[in-house]
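The values are calculated or read from the model by the stated rules, or taken from the named source; none is laboratory data. No experiment lies behind these values; they were computed from the predicted model shown. Glycine also receives a Cβ, built like all others from the backbone with ideal geometry; neighbour counts cover every protein chain displayed.
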Amino acid sequence: AEVVNAEFVKSSVKTEECPSDGLPEFALVGGSNVGKSSLLNSLVRRKRLALTSKKPGKTQCINHFRINDSWCLVDLPGYGYAAAPHELRTDWNKFTKDYFLNRPTLVSVFLLIDASIPAKKIDLEYASWLGQNQIPMTLIFTKCDKRKKKKNGGKRPEENVQDFQELIRDFFQTAPPWVMTSSVTNQGRDEILLHMSQLRNY
Ligand code: GDP
């Protein structure tokens with residue numbers, strides 16, 4: 001399941017523009033600052049493969065990275081930028097939801113959730129939307145190395161992870177798979193790659 005080779009393929013602004021090579025793909029998505037670029041870089045063991053600019057307005061792209069010439073990691077725009085105007089937020093919804101619903105090569109959405117803080121409404125909304133639309137999802141909990149802090153509700157990452165799963169349970173027939181990760185310690189990296197290879201059947 002190791003990444004031998006990773007290359008940027010293209011940025012697309014709509015689903016129809018995405019690569020038509022038919023390779024299976026996994027989409028990484030999550031709120032701003034959740035640790036998506038760090039995770040992507042840790043998965044491919046490169047410092048700066050994730051080229052996506054973080055400024056709202058420059059994030060409206062679907063970025064395809066081809067791995068080992070046989071499957072793709074897809075970096076989707078982050079959501080929940082406080083600075084984003086309402087219009088842009090609506091766009092995010094249309095844009096990514098269209099991709100989720102109309103991309104046959106999409107094997108699973110990897111939804112990133114910050115495990116160092118209590119569940120956020122916007123994350124619960126996206127998870128439940130994916131569940132209600134029966135889009136295969138894997139929960140990736142990030143920043144699991146962070147110790148509990150009073151200002152974060154005083155809970156450990158393990159507790160936040162449990163709470164989150166509890167809160168979305170009603171939207172899924174079977175509980176989605178989940179992995180606890182840290183881009184600092186590389187916790188969960190191999191587990192994610194193994195899970196992806198199992199989902200691809202090779
Ligand atoms: P993105 O906006 O989702 O792409 O998030 P980044 O990867 O840029 O990370 C946002 C911030 O969280 C940065 O300050 C990172 O150093 C920090 N961060 C990301 N992943 C981790 C992690 O696993 N553990 C800790 N402690 N911090 C992290």
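Among the residues of region 150-163, those identified as in contact (Cβ under 8 Å) with a residue 12 or more places away in the chain and over 18 Å from Gly188 (Cα atoms) are Asn152, Gly153, Lys155, Asp163.
Cβ-Cβ distances below 6 Å connect no pair with a first residue in region 27-39 that is without any contact (Cβ under 8 Å) to a residue 60 or more places away in the chain, a second residue that is within 7 Å of the ligand (Cβ to nearest atom) and part of a helix (DSSP H, G or I), and a separation of six or more residues or different chains.
Sub-6 Å Cβ pairs linking a first residue in region 116-142 that is at negative phi to a second residue that is of a type in the set (Lys, Arg), at least 6 apart or interchain, are Ser116/Lys143; Ser116/Lys146, ordered by first then second residue. Only strands (runs of 3 or more DSSP E) whose full extent lies in region 101-202 are considered here, and the ones with at least 3 residues that are under 16 Å from Ala27 (Cα atoms) are 106-114, 137-142.
With the requirement that a residue be surrounded by 14 or more Cβ atoms within 10 Å (Cβ to Cβ) and over 12 Å from Arg45 (Cα atoms), what does region 1-18 give you? If the condition is that a residue be surrounded by 14 or more Cβ atoms within 10 Å (Cβ to Cβ) and over 12 Å from Arg45 (Cα atoms), then Ala1, Val9, Ser11, Ser12, Lys14, Thr15, Cys18 are the ones that fit.
Looking at this structure, is Lys121 of a type in the set (Lys, Arg) and at pLDDT below 95? Considered against the rule, which asks whether it is of a type in the set (Lys, Arg) and at pLDDT below 95, Lys121 comes out as yes.
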